[in-house]
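Comments concern the structure below.
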Amino acid sequence: MQDMIRRYGPGLTLIICLLVAFWLVMLVIVPNITLLEQSFRPYLPVAEIGGPRDTYSLGNYMKVLDGTVEKSLLGISFTIPVHVYTFFLTIFYSILVTFICFLLAYPLAYYLAKIVSPKSLPTLLLMLFIPLWVSEVLRAFAWWIILAFKGPLNAMLLGIGLIDAPIRWTNMGYTGVVVGLIYTYVLFMLFPLYNAVQSLDTNQIEAAEDLGAPWWKIHWKIVLPHSKPGIASGSVMVFMLSAGSLLVPSILGSTTSQWFTQTIDQWFKDALDWNTASAYAFLLLILCTLFVTVALKLFRVRLSDIAK
Amino acid sequence: MHKFRLGLSHLYMGLFLLYLLLPLVVMSGAAFNDSKLPSIVPWKGWTTMWFSEMIADQRMMVAFRNTLLVAVAVAVLAIVVGTAAAILVNSISGRLRTALYGMMISTILIPGVVIGISTMIMWTKLGNAIGTDFILFKPGLHLSVLGQVSYIAAMVMLLVLARLQSFDAGLEEAALDLGASHAQVMRRILLPHLYPAIGAGAAVAFFQSIENFNVTQFTRGGADTLTVYVFSKVRSGITPTINALAFLLICITLVLAAVYEVNRRRRARAEAARLAQARRAEAEEGIGAA
Amino acid sequence: MSAGIDLENVCCDFGTFRAVDDANVSIRPGEFFSFLGPSGCGKTTILRMISGFIEPTAGVIRIGGQDVRGKRPNQRPTALIFQNLALFPLMPIWENISFGLEVRGVDKATRRRKAEDLLRLVDLPDAADKMVSQLSGGQKQRVAIARALAVEPSVMLLDEPLSALDLKLRQHMRAELRAIQKRTGVTFVYITHDQGEALAMSDRVGVMSQGRIQQIADPREIYNTPVNGFVASFVGENNIFEGRAGAAAGGMAAFDTEEGRFRARLAPEAEGKPVKLYVRPEHTVLTAAPGTENSVPVTVAEVSFEGPFIAVLARTAKGRAIVSEIRNDGQATVPQMGAAMHASFAAERAALLPDASVRG
Ligand SMILES: Nc1ncnc2c1ncn2[C@@H]1O[C@H](COP(=O)(O)OP(=O)(O)OP(=O)(O)O)[C@@H](O)[C@H]1O
Ligand SMILES: [Mg+2]
């Protein structure tokens with residue numbers, strides 16, 4: 001701090017500190033504390049707010065356990081609260097999306113970092129960036145068109161004779177959602193991976209080749225371990241974006257697919273119960289924090305490495 | 001590398017690009033199809049009708065204007081806050097730096113739904129507590145701006161911080177030594193060095209804001225932004241006006257990308273020419289001094 | 001125009017580490033003064049205290065007779081030339097040079113004129129509109145000097161400004177810097193770890209070691225009569241003998257070593273302290289017959305031809321190495337390897353010196 005005053009003078013230092021304080025306190029800390037506080041209060045008519053019934057309780061959180069559904073997994077049938085079920089499915093499919101994104105992006109990241117000629121690289125990167133600048137809602141909409149019952153995908157599959165009758169893609173559970181999420185977020189996996197692979201010294205790969213290692217071994221023993229920070233940040237990004245997405249599940253979801261964010265949205269917009277929405281939002285936040293922590297521990301990287 | 005695998009990797013790259021770009025082409029194509037439903041099959045003939053309908057769509061135009069206003073506000077605020085944050089992080093060290101930096105980048109990872117709801121609740125509660133009807137404390141796009149800034153500022157911060165790390169603090173000292181005030185150092189030395197990053201930050205903030213849905217959805221009150229409007233259109237009765245809009249946005253993106261690329265190449269050439277001149281001067285000096 | 005600088009009992013601590021210890025020096029107006037010392041001895045720290053980037057932990061600094069305590073760098077009449085020059089890469093050369101005027105609110109036309117004048121002074125008349133990245137190392141050097149001169153400082157502080165240049169250019173710039181200093185009459189405080197540079201350019205030199213100023217004197221005196229072993233070895237080569245000094249008489253004393261008894265100068269303040277004998281290789285002669293005083297029989301072990309001189313390494317019977325330098329006047333005879341000879345030196349050329357003065 002002393003150093004900073006010397007560099008920028010007391011006036012500027014104060015302004016800088018105030019700006020940062022405004023951001024972190026007013027836009028981040030206090031809102032989240034308010035969210036937490038609100039989540040413990042019951043949903044009451046305006047007149048009763050601050051009244052005797054306005055006391056802290058875990059009521060909003062307990063609503064997660066309301067209403068159960070009958071499910072079976074691996075032949076074992078069990079009942080599970082609807083919202084808990086949604087919660088777990090959201091996590092499951094987000095992890096699935098993350099994994100598929102990794103499978104799609106890894107060969108490409110390696111290709112961009114180590115194979116393609118440096119001359120065409122900037123142009124390729126720019127082309128890859130284009131979809132990123134087109135907004136998420138339009139990217140989801142594009143797939144809504146493609147997956148439509150009378151849409152181009154069915155038309156094409158019928159045309160080449162792969163199927164006999166059109167398929168209702170957007171009414172097959174989470175299929176539409178997963179397809180949409182992958183398309184929307186795969187680039188968030190690609191770029192961190194590319195950065196990580198790129199920082200690997202090509203000599204290492206060549207040395208391994210020279211020693212006669214087969215290609216899969218080179219990837220397994222050298223490239224993958226080196227790319228760990230990239231895998232971690234890509235996975236964290238894709239998982240967070242997927243689990244937090246509201247657009248894609250709303251546009252590409254079917255009648256049988258429910259995303260946890262949609263549940264929150266319903267509490268907030270349809271039931272107008274902001275308090276329960278807060279509780280659910282807080283659960284989502286905890287989930288995300290947990291995931292990031294586990295992922296970071298698993299890959300042994302630090303939060304600050306993610307941001308690159 | 002094995003020839004076959006090399007060919008395979010080129011093929012994969014091609015397929016991936018196709019996968020990324022084809023949906024955008026399909027979406028754009030549907031803008032010209034004379035069909036009530038947005039699709040390219042069956043093709044019912046060429047039309048530009050959806051573009052005129054789009055322009056006639058009052059709500060969309062309002063949403064468009066709102067989007068621009070929000071995006072500009074977000075960009076300005078995020079630049080100011082993000083740059084200040086980068087400077088702060090760059091000039092402190094130790095535990096405090098780790099804590100501040102960690103808090104800043106964690107905002108990027110907070111789900112938009114959480115940001116939206118928490119921003120909304122805090123400002124409306126604050127309004128109730130103060131007992132004011134002042135517009136700031138009611139739902140509306142200004143809350144969307146604040147919510148969006150809360151994480152977009154971190155993106156700007158990262159960009160500016162990266163640039164700051166290549167800054168030689170000796171330049172600040174040199175300027176101070178020559179008699180400049182702290183404000184002059186900031187304006188003439190530090191900020192000019194940061195402008196490229198600030199510019200990039202502005203672009204990122206602008207586009208992030210345009211495409212933001214989650215935060216806006218929970219804070220906007222009754223107002224529309226383009227994303228929200230498109231979303232509601234997709235959910236209810238879609239007409240290909242959305243495709244017309246998408247086509248235009250994609251075109252703008254392409255033009256901007258092309259401009260950027262041309263600019264980048266020109267700058268790279270200019271820089272190379274300057275370095276060559278310095279090398280020539282160096283060589284002449286060697287001869288002169290000898 | 002130019003001002004003197006006085007340091008009185010100046011200390012500077014970084015935490016528990018004392019970077020500058022009790023520095024006392026009085027630099028005269030218009031003088032070219034160099035601080036010379038090995039890396040890490042505190043030279044830069046002294047300069048940064050004078051320019052105001054660091055406040056001394058103790059002691060007083062006066063510039064032009066005025067105590068500058070608490071004054072910020074932009075309030076002192078000094079201009080610092082940084083070790084890495086710190087030119088502003090985003091401004092054209094003329095704006096770089098006139099930056100100090102710009103922040104003082106001087107109008108553009110005047111600034112431009114002044115910048116062009118200064119560019120002529122440093123012999124770069126056509127560089128005004130170039131960018132920093134277009135210049136070579138030596139040209140950047142001159143721009144940095146012009147930029148510092150533009151604010152008409154009464155003191156110029158230069159932190160190893162030539163260290164980034166190659167040898168030939170460095171020698172060329174030495175002369176140029178010296179000429180600019182004479183022309184402008186500004187006090188130059190110059191930092192270097194290169195003894196040749198310090199001796200060639202300066203009116204006076206302050207030799208530093210481990211935060212302490214060891215000796216302040218003009219270059220000849222520094223070289224010819226160093227006050228201690230550190231100064232003697234840092235500024236030039238020596239043959240060194242350990243031993244015990246006898247009583248001094250008339251500035252001379254006997255010195256007993258395992259090679260025999262020598263006579264050498266002994267300064268009064270060194271009397272009673274442990275001393276060693278220092279004699280320069282160029283003052284050590286090799287002859288076939290024993291010398292008249294301070295003579296040791298040796299065997300020639302190595303001869304290396306250096307161009308202007310020939311260095312001969314000889315060994316005593318006890319194995320001690322003695323180096324002698326013979327000036328190459330074109331007809332000097334070079335001793336044969338393995339030849340038995342006698343090394344000797346005049347008593348007036350040899351000094352009995354204590355080790356460096358250290359803190360504590
Ligand atoms: N800000 C600081 N904090 C702690 N120690 C410092 C600081 N600045 C310098 N030092 C220490 O003080 C000592 C003197 O540093 P100084 O930079 O003055 O050396 P110097 O003589 O200029 O060396 P060089 O020739 O390498 O530039 C060094 O040991 C250095 O490590
Ligand atoms: Mg130094």
* What does the charge dipole of the protein assembly as shown about its Cα centre add up to, to the nearest 20 debye, if the Cβ of each Lys and Arg holds +1 and the Cβ of each Asp and Glu holds -1? -> 1500 debye
* To do: Express in % the proportion of alpha carbon pairs of the stretch B:7-130 at distances exceeding 18 Å.
  => 78 percent
* **For chain C, size of Cβ-based charge dipole, Lys and Arg +1, Asp and Glu -1, in debye** => 740 debye
* When only C-alpha pairs under 8 Å and at least 6 residues apart count, what is the relative contact order of the stretch B:59-185, in percent? -> 39 percent
* Structure fact -> The whole-number value in µm²/s of the Stokes-Einstein translational diffusion coefficient for the protein assembly as shown, with Rh from the Kirkwood sum over alpha carbon pairs at 10 °C and 1.306 mPa s, is 46 µm²/s
* Structure fact -> So, with points 7 Å from each Cα along the Cβ direction, the B:Val62-B:His2 label distance in nm works out to 6.2 nm
* Structure fact -> Helix-only [θ] at 222 nm, chain C, -39500 (n - 2.57) per DSSP H run of 4+, per residue, nearest 500, equals -7000 deg cm²/dmol
* Asked: Along the charge dipole of the stretch B:57-236, Cβ charges K/R +1 and D/E -1, which of B:Met157, B:Ala169, B:Pro192 sits furthest on the positive end?
  -> B:Met157
* To do: Would you calculate the separation in nanometres between label points at C:Thr57 and A:Leu272, each defined as 7 Å from the Cα along the Cα-to-beta-carbon direction?
  => 6.9 nm
* Structure fact -> In whole percents, the bins of 10 Å from zero upward hold the Cα-Cα pairs of the stretch A:32-156 as 9, 17, 23, 23, 17, 9, 2, 0
* To do: Run the dipole for chain B about the Cα centre, Lys and Arg Cβ at +1, Asp and Glu Cβ at -1, nothing else charged, and hand back the magnitude in debye, nearest 20.
  => 560 debye
* Summed side-chain charge close to A:Tyr8 - residues other than A:Tyr8 whose Cβ falls under 14 Å, Lys, Arg +1, Asp, Glu -1 -> +2
* Give the peptides C:9-18, C:172-181, C:86-95 in descending order of average Cβ contacts within 10 Å, highest first. => C:86-95, C:172-181, C:9-18
* To do: Using a 10 angstrom cutoff on alpha carbons, build the Gaussian network for chain B and name the most mobile of B:Arg188, B:Arg274, B:Arg235.
  => B:Arg274
* Asked: Taking the Cβ-Cβ separation of C:Glu221 and C:Ala288 as r and a Förster radius of 30 Å, what is the calculated FRET efficiency to the nearest 0.05?
  -> 0.30
* Set of lysines with alpha-carbon distance to B:Lys125 below 21 Å, sequence-local pairs under 8 removed -> A:Lys269, B:Lys138
* Taking a threshold of 18 Å on the Cα-Cα distance, which of the pairs A:Lys119/A:Lys217; A:Lys114/A:Lys221; C:Lys43/C:Lys140 fall above it? -> A:Lys119/A:Lys217; C:Lys43/C:Lys140
* To do: List the equivalent ellipsoid semi-axes of chain C in whole Å, largest first, each obtained as the square root of 5λ for an eigenvalue λ of the Cα gyration tensor.
  => 46, 25, 15
* Shielding by partners, peptide C:135-147 (average Cβ within 10 angstrom, other chains) -> 3
* With all distinct Cα pairs included, what does the Kirkwood hydrodynamic radius of chain B come out to in Å, to one decimal, could you say? => 23.2 Å
* Structure fact -> Straight-line reach check, B:Lys44, cutoff 20 Å on alpha carbons, 8 or more apart in-chain or any other chain, hits among lysines -> A:Lys150, B:Lys36
* Asked: Whole number please: convex hull volume per residue of the Cα set in the stretch B:1-76, in Å³?
  -> 141 Å³
* **Relative contact order [Cα under 8 Å, 6+ residues apart], chain A, whole percent** => 23 percent
* To do: For peptide A:9-18, compute the average count of partner chain beta-carbon atoms within 10 Å of each residue's beta-carbon.
  => 4
* Would you mind listing how long the stretch C:59-160 runs along its three principal axes, going by Cα atoms, in whole Å with the largest first? => 44, 32, 23
* Asked: Using r as the Cβ-Cβ distance of C:Gln66 and C:Ala175, and R0 as 45 Å, what FRET efficiency do you calculate, to the nearest 0.05?
  -> 0.85
* To do: Classify the stretch B:185-265 as rounded, prolate or oblate, taking a ≥ b ≥ c as the square roots of the eigenvalues of its Cα gyration tensor: rounded when a/c is under 1.5, otherwise prolate if a/b is larger than b/c and oblate if not.
  => oblate
* To do: Evaluate peptide A:37-49: per residue, the Cβ atoms of other protein chains within 10 Å of its Cβ; return the mean as an integer.
  => 1
* Structure fact -> Total charge of the residues flanking C:Thr110 in space, meaning their Cβ is under 12 Å from its Cβ, with Lys and Arg +1 and Asp and Glu -1, is +2
* Asked: What are the extents of the Cα atoms of the stretch A:195-287 along their three principal axes, listed from largest to smallest and rounded to whole Å?
  -> 65, 26, 16
* To do: May I ask you to derive the FRET efficiency for B:Ala283 and C:Asp126 from their Cβ-Cβ distance with R0 = 22 Å, giving the value to the nearest 0.05?
  => 0.80
* Asked: aspartates and glutamates near A:Lys63 by alpha-carbon distance under 18 Å, same-chain residues fewer than 8 away left out - which ones?
  -> A:Glu37, A:Asp54, A:Asp265, A:Asp270, A:Asp273
* Mind running the shape call on chain A? Use the C-alpha gyration tensor, a ≥ b ≥ c as the square roots of the eigenvalues: rounded below 1.5 for a/c, prolate if a/b tops b/c, oblate otherwise. => oblate
* Which of C:Leu277, C:Leu36, C:Leu313 moves the most in a Gaussian network model of chain C with Cα springs under 10 Å? -> C:Leu313
* Order the peptides A:26-36, B:37-47, C:206-216 from the highest to the lowest mean number of other Cβ atoms within 10 Å of their residues. => C:206-216, A:26-36, B:37-47
* Place +1 on the Cβ of every Lys and Arg and -1 on the Cβ of every Asp and Glu in chain A, take the dipole about the Cα centre, and give the residue among A:Val177, A:Gln2, A:Trp144 whose Cα lies farthest towards its positive end. => A:Gln2
* What nm value, rounded to one decimal, do you get for the distance between C:Asn9 and A:Thr255 when each label is placed 7 Å out toward the C-beta? -> 9.4 nm
* Asked: How high is the relative contact order of chain B, given as a whole-number percent (alpha carbon pairs under 8 Å, six or more residues apart)?
  -> 28 percent
* Which listed residue (C:Ser344, C:Ala253, C:Ala314) has the Cα farthest towards the positive end of the charge dipole for the stretch C:240-353, taking +1 on Lys and Arg C-beta and -1 on Asp and Glu C-beta about the Cα centre? -> C:Ala253
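Values quoted throughout were computed directly from the atomic coordinates according to the rules given, and no laboratory measurement underlies them. The structure displayed is predicted, hence computed values, not measured ones. Don't worry about glycine lacking a Cβ; one is built from the backbone with ideal geometry, like all the others, and counts go over all protein chains shown.
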